[in-house]
Every structure is written in C-alpha cells, then in structure tokens.
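The values are calculated or read from the model by the stated rules, or taken from the named source; none is laboratory data. Everything numeric here is computed off the predicted structure, so don't read it as measured data. Don't worry about glycine lacking a Cβ; one is built from the backbone with ideal geometry, like all the others, and counts go over all protein chains shown.
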Amino acid sequence: MNMKKILSLILALAMMLTAAVVFAEGEEADWSSAEYAAHANYADSLAKSYEGKTVILHSNDVHGQIDGYAYIAGLRDLFVSLGAEVILVDAGDFSQGSIYAISSKGAAAVEMMNAAQYDVVTLGNHEFDFGYDTLMQNLSTATFATICCDVTVDATGETILPPSVIIEKGGMKIAFVGVETPETATKVHPNAVKDITFASFDGLYESVQKAVDDVRADADLVIGLFHLGVDVESKLNNYRSVDVLDRVTGIDFVIDGHSHTEMTAGQKGQAIQSTGTKFANVGVIVIDNESKGIESNFLIRTNLDSALYTFNYINTEVLDKALEIMQAVDAEYSAVFATTEVELNGAKAPGNRTEETNLGDLITDALLWSVIRESGLEQTELYDVVCITNGGGIRATIPVGEVTRKDINTVLPFGNTVAVVYVTGAELLEVLEASTFCTPDPVGGFPQTSGIEWTLDTTKPFDQGEVYMIDGKDTSYFAPASINRVTITAINGQPFDPEAVYAVVTNNFCSAGGDTYNVFVNNSFSFDTGITLDEAVMAYVSEVLQGKITAEAYGVPQGRLTQIQ
C-alpha cells in the first residue's frame, strides 16, 4: 500500500472516531459534524465486490458545477464494474449557480445530466429562476424522470410533475417521492411562479403523505427526494426535511438538498443524507437485494485539491461534454475589465446572509449609483435615496487579482434588474426587521445596504406577526408585530424620519416581494430601470473606481450596520 493510501486511512480512522464522539452528543450536535463522516469515506476504501447490491448515487445543489457530473458518472461505472446495479438521482438546484448553467438558463445542466445518465431528479427552488415555462421547456429534453409532489398548477389543481416514480432494480421496486421547498414561492421572482402554487404549512405534509401512501404498497423501499434542507431559517415554518420526517410516515430514507449541508444522518439519527454543494461529495446508499434493506450510507469526497487524496474515477466522455460547454462560455465571458486589491466576501455565513460585507457594500453602492446616474428619481430628494439588496442574491467570492465578466455573473447570477420602490420610514424599518428575523442565523433576505446607518440588536427576540401574503398565497415569512430589534440612526448622514418618504434602490426580485420583502409589493410607486445588476456593478467599477477595487475603498465593511450580539 502506498504512502498516500496509508495517510488517507489514518486520517479516515481519526475522523470516524471524531464523528462518533460528536454524534454521541445527540440533538445538540452541530450539523457540520457530519463533515467528519463525509471525509472518512473514500472510494479507495470500498468493498471489492457489490454483487447482489443496488447502489443509489446522489447529488444535490450542484449549482452549475457541470464538470462534477463526470465524477458521479465515473463512480457509477466503478460500482457497475464491482457488480452493483446503480441508480443516479439528484435532489435539486442544478439550473443555477455558475455561468456555465446560467448562460443557457439551465438547459446545459439538463444536457449534462442526460450525458451522465441520471435516472430521477426532483426540483430545487433555483429551477424556477428563469420562469416556470423555461423550466418545463428544459425538462422536455430530459431523458430522466423528474418528480415533485407539492407544486400544483392553479388552473387545474394538478401537480406540475408526477409526484413519484418507481424504479425496478435488483429484483426490487424502489419508489422515489419528490418534494420541493415551499420557500420557493418567495425565493424566486413572484412573476416566475405566478400560475403555480407551492403547498405550505400543513398542506406540505399532506402532499408528501399522499404521495408516499400512493406508492408504499407497491414498493419495497420508499426514498424521499427532498429539496428542503435543515437551515434555521426553514425551522420557523417547520419546512426542514427533519420536520417533514416527523410528520410523515412510510419513508425509509431521505436524500436531502437546499441547505448545502454535509450529513450522513440527522441530528437525532434520522435516516437522511446530503452531500453539501457543487459535488464536494457524492452520496452513496447501498441496498441488499435479498433482504431489500439499506445496509449502509456514506459520502465519497471528490475534492481534487486534497493533499492526501485524488479522485480517480472520472467518466471521460461526460467530462469532455462538460469541457466543451465550459470552453464556449469561457471564450465569451473571460475578458478582464478590472482588478481588485482585496478579496470581496461572497460567503453565505458568516457573510452576506448574516452581516455587512465589503462585497455587499460594493454592490449596493453600484446599484445606487446606477439609478442616480440615470436621473430617473422623482418625488424625493437625492439625500433620501438608499439601497437594499438581499444577501442571498450574492453567490460567490471574488479573489484578489483580475476581475472578469464571468466573475461578476457568478456573483450575481440571477439576471435581476435594478428597481426603485418608494416607502415611508416606518415601512423601511419593517423591511429591515422582517429581513433579519433569525439573525445571527443566516437568512437569504439579510439586507446589504447603502445610505442607511442602522443597528440590529440580536439579543432581542423577533416579534412574529401575521404571515405575509402575495396574491392571496402564503409566503414563508412573517411580518413583525412590532419593531424591537432594528433602529435606523441616519439616512445619508441626515436624521431618520419614520414619516418621510424614501426611495429604495433594490432588485426586481425584492421589489416584487421576494424573500422577506413583502412590504415592497404594497408601495405606492415603483419602477424598474431595466439595468441588470451585473451591468450596474461592472459600470460602477469601470467608471467610478476606474477599474481598480482598492483596499482603501472596499478593504473592509464600511460600518453601515452595527450588530449587538
């Protein structure tokens, strides 16, 4: 055995011991503790034979990492060579996240899943980013089954896709039930999903239970293919995968997505697994054909940058297909237009969903400048103009060095445009209060701001009021019954007035009530500039910063938000 494998086995044993200790703590164990178990399972440690076994390989939250499909296809080939029958599945969010998927509005991801020969897929919230019609057009080319039990067409009441599918392998019937997060209703632009409804609250559990009941009698195993996750943000409405498992019977195992969590079991030992994001891992579930029971589940690390391990199982035909797509996109988006002296923080948490960041400052400054430059503002003085954008819309870090169009598109991948809404000071307070309801835990609506000096006291509880509604439908978020966590110190250096009218520059997702921004839907006056966010940022960096993002300007967050913790 060579030294690399010896070191890998030593590391694996150490991590498995650590994992055993962490999980022994039970309910209080951190979700991230599952990462230890994930790292301990390398492909080189697999059994020599999988004769008489059916193996489910799964991915989730691929987010445009299209070269990763060569990894899961390579593992499929490996397990087949070892005698297993293999099923490939995905738990959603494949259409969005990198320019390689975005530039084709998700079509390239479907093309790659076809190439990798997936069997069944469910939907993530980002599948709807380009609109329901575009999604269905993309899926019309799919060679795999796509399932979803809890989203219905308003006009007919029918589910938009089959709720489940049964796949026969190894003499068994394995049923998969697809579940989409109800949060999609406000995590995409409302106009993109205006003709469909996402089951919410008890309706979610009822939809899942019915789908399970419909296949349970005909299946040896029922696998939940969930895009629900385990985020604290989702706990408020009991929309997490573990919450659904607590309320639904008849599911043998859950393959989960949405929260980008690496785990091989729930905090209470629930039969649930998730791979993280962007093919950091491939999930493995081993089923014994004779007993028709799950005998093991684990994650296989695919990190090519690891000093101790190199992932050797790659399907070269699938990789060639990915490289063909990537090279064509790179040729179009690789032009350098700026440089940065500092790393611009695109992290989720701690980062843009939990606190002010230097990248959030840069983006909001750029959006604000783009509107003022166009002189489209009315009914207010320029010193009453501020900017808010949702931290969940900032998707990547920009490292020190050259900055390309591809970098900006990866940071701002949704194609959103700059919009302006007019609100009172009191409404502005409500926006900030509602959008930080679970801070310091991460929330997609967390406000990155320009022109607002404000304080957030996270030691005080969020005073939950009525659920927000859009077009008569429940959202996933609640209005504050009172303002007790947020105060505004000043607006552009001037005293804050709760009765004054302020122009809020934002994006068209938030202006339509996306995430926690329901207040913006009911404003008295608004308009859309048509300027895309990436264009606004590139113009600001080129014209105002003269192509150089300096440490002096954006080396650190500028202190617009003070958090009390």
Would you mind telling me which numbered condition in (1) assigned to a helix (DSSP H, G or I); (2) crowded, with 19+ Cβ neighbours inside 10 Å Glu324 fails?
(2)
Name the single residue, out of those in the range 452-498 being within 14 Å of Arg560 (Cα to Cα) and among the hydroxyl-bearing types (Ser, Thr, Tyr), that is surrounded by the most Cβ atoms within 10 Å (Cβ to Cβ).
Thr487
For the range 238-251, how many residues are crowded, with 20+ Cβ neighbours inside 10 Å, assigned to a loop (DSSP other than H, G, I, E, B) and in contact (Cβ under 8 Å) with a residue 24 or more places away in the chain?
3
Looking at Ala349, Ala328, Ala307, which is the one that is under 20 Å from Ile102 (Cβ atoms) and either modelled with pLDDT under 95 or of a type in the set (Ser, Thr, Tyr) (or both)?
Ala328
Residue count for the range 163-215, restricted to those that are buried (at least 17 other Cβ atoms within 10 Å of the Cβ) and in a helix (DSSP H, G or I)
15
Applying the selection to the range 262-286, what residues are closer than 18 Å to Arg76 by Cβ and either in a strand (DSSP E or B) or outside the structural domain of Asp231 (by TED's automatic domain parsing) (or both)?
Gln273, Thr275, Asn281, Val282, Gly283, Val284, Ile285, Val286
Given the residues Ser334, Ser370, which is the only one that is touching a strand residue (DSSP E or B) at 6+ places or on another chain (Cβ under 8 Å), under 19 Å from Arg405 (Cα atoms), crowded, with 20+ Cβ neighbours inside 10 Å and modelled with pLDDT under 95?
Ser370
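From the list Thr146, Thr156, pick out the single residue that is without any contact (Cβ under 8 Å) to a residue 60 or more places away in the chain, loosely packed, with under 15 Cβ neighbours inside 10 Å and either at negative phi or not aliphatic (A, V, I, L, M) (or both).
Values: Thr146 fails: loosely packed, with under 15 Cβ neighbours inside 10 Å.
One residue alone meets the criteria, Thr156.
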Somewhere in the range 120-128, is a residue in a strand (DSSP E or B), over 22 Å from Ile66 (Cα atoms) and in the same structural domain as Gly293 (by TED's automatic domain parsing)?
no
Could you tell me whether Asp213 is of a type in the set (Asp, Glu), more than 24 Å from Val62 (Cβ to Cβ) and within 23 Å of the chain's Cα centre (by Cα)?
no
